[in-house]
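J.: Pasting a structure here, questions to come.
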Number of protein chains: 2
Amino acid sequence: MLPRHPHRTEDCRAISEILQRVGDKWTVLVVGKLGDGPLRFNELRSAVGGISQKMLTTTLRGLERDGFVTRTVFPTIPPRVDYELTDLGYELLVPVGALGEWARKNTERVRAARARFDGLHA
Amino acid sequence: MLPRHPHRTEDCRAISEILQRVGDKWTVLVVGKLGDGPLRFNELRSAVGGISQKMLTTTLRGLERDGFVTRTVFPTIPPRVDYELTDLGYELLVPVGALGEWARKNTERVRAARARFDGLHA
DNA sequence: CCGCATCCTCAGAGATACTG
DNA sequence: CAGTATCTCTGAGGATGCGG
């Protein structure tokens with residue numbers, strides 16, 4: 001509740017960067033699903049729901065690049081590709097989960113604030 | 001490290017929503033600055049640095065709408081407008097700060113993962 | 001001083017079709 | 001099955017000028 005330490009600009013930039021990284025449309029959804037265990041491409045696709053093939057690929061590539069997921073190809077026919085969270089990915093899930101928990105608890109307060117604001121500025 | 005409880009899709013959606021809300025380019029920067037106390041428009045502008053007038057206005061309106069900041073107008077000449085975090089805003093700072101802390105600690109691991117990935121896929 | 005209105009640009013997101 | 005390739009479209013973000 002109180003300003004513990006002055007928020008340094010560079011720290012805020014780092015926060016902002018990671019938040020934008022996980023703040024895109026699909027990342028947390030994908031990471032959340034993978035939090036329950038490894039999944040194949042299309043399993044993940046239908047688990048998330050509503051995501052296009054392209055966006056899932058893009059999202060997974062980004063997560064792989066940043067070291068949050070591993071991509072394992074089984075050279076079978078038909079091909080099989082498993083995606084799994086790395087340790088880093090699981091660790092990320094902790095603070096993200098905390099924020100999610102906060103979100104769940106406070107949805108109503110935000111909704112009420114919005115209704116009030118929109119009412120005043122109608 | 002282990003899947004404690006199955007991640008429900010609707011929960012993930014809520015997480016995703018709030019993350020996108022605070023995951024835009026300026027929100028956390030602005031909220032971070034306001035975390036040290038109330039600021040006037042242009043104080044905030046120069047404190048954040050690099051933000052355009054339009055984006056600061058847009059960001060502040062959004063935060064006001066969602067109940068994270070209050071906007072106080074002093075009917076003086078020239079006008080003076082103070083922005084301050086609400087209780088909800090301060091509470092948001094907690095999980096966001098936690099994520100930020102995680103970001104600060106793990107920047108190097110992400111950077112290394114990226115370098116490795118980019119090296120392999122050169 | 002504060003911030004709205006307007007115009008412009010460009011990256012992100014989706015739809016669709018095709019390949020190993 | 002698991003992608004890549006291409007196209008389109010929306011909207012976030014920035015620059016500039018005016019108004020209370």
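The values are calculated or read from the model by the stated rules, or taken from the named source; none is laboratory data. Treat the numbers as computed from the prediction; the structure is a model and nothing was measured. Cβ: placed from backbone, ideal geometry, glycine included. Neighbour counts: every protein chain shown. Quick note on the areas: whole protein, heavy atoms, side chains included, nothing else; ligands and nucleic acids left out. Shrake-Rupley method; radii C 1.70, N 1.55, O 1.52, S 1.80 Å.
J.: How many of the residues making up the range A:88-107 are more than 9 Å from chain B (Cβ to nearest Cβ) and surrounded by fewer than 14 Cβ atoms within 10 Å (Cβ to Cβ)?
T.: 1
J.: Hey, another quick one. Determine if the range A:108-121 includes at least one residue that is open to solvent by less than 40 Å² (accessible area, probe 1.4 Å) and not in a helix (DSSP H, G or I).
T.: no
J.: Can you tell me which residues in the range A:37-87 are in contact (Cβ under 8 Å) with a residue 40 or more places away in the chain, open to solvent by 70 Å² or more (accessible area, probe 1.4 Å) and either over 17 Å from the mean Cα position of the chain (by Cα) or over 25 Å from A:I18 (Cα atoms) (or both)?
T.: A:R40, A:R80
J.: Quick one: is B:R40 in contact with a strand residue (DSSP E or B) (Cβ under 9 Å, 6 or more places away or on another chain), within 21 Å of A:V110 (Cα to Cα) and modelled with pLDDT of 95 or more?
T.: Judged against the criteria, B:R40 is not a match.
J.: For a quick check of your reading: which helices (runs of 4 or more DSSP H) sit entirely within the range B:7-72 and have at least 2 residues that are away from DNA strand D (no atom under 15 Å from the Cβ)?
T.: Filter on the range B:7-72 gives B:9-22, B:27-34, B:41-48.
J.: Kindly evaluate A:G23 against the criterion of being within 12 Å of DNA strand C (Cβ to nearest atom) and more than 8 Å from every other protein chain (Cβ to nearest Cβ).
T.: Answer is no for this residue.
J.: Would you mind finding the one in B:G49, B:G89 that is touching a helix residue (DSSP H, G or I) at 6+ places or on another chain (Cβ under 8 Å) and on the phi > 0 side of the Ramachandran plot?
T.: From the options B:G49, B:G89, the qualifying one is B:G49.
J.: When you scan the range A:55-65, do you find a residue that is within 14 Å of chain B (Cβ to nearest Cβ), under 25 Å from B:K105 (Cα atoms) and away from DNA strand C (no atom under 15 Å from the Cβ), even just one?
T.: Looking for residues that are within 14 Å of chain B (Cβ to nearest Cβ), under 25 Å from B:K105 (Cα atoms) and away from DNA strand C (no atom under 15 Å from the Cβ), one finds at least one in the range A:55-65, hence yes.
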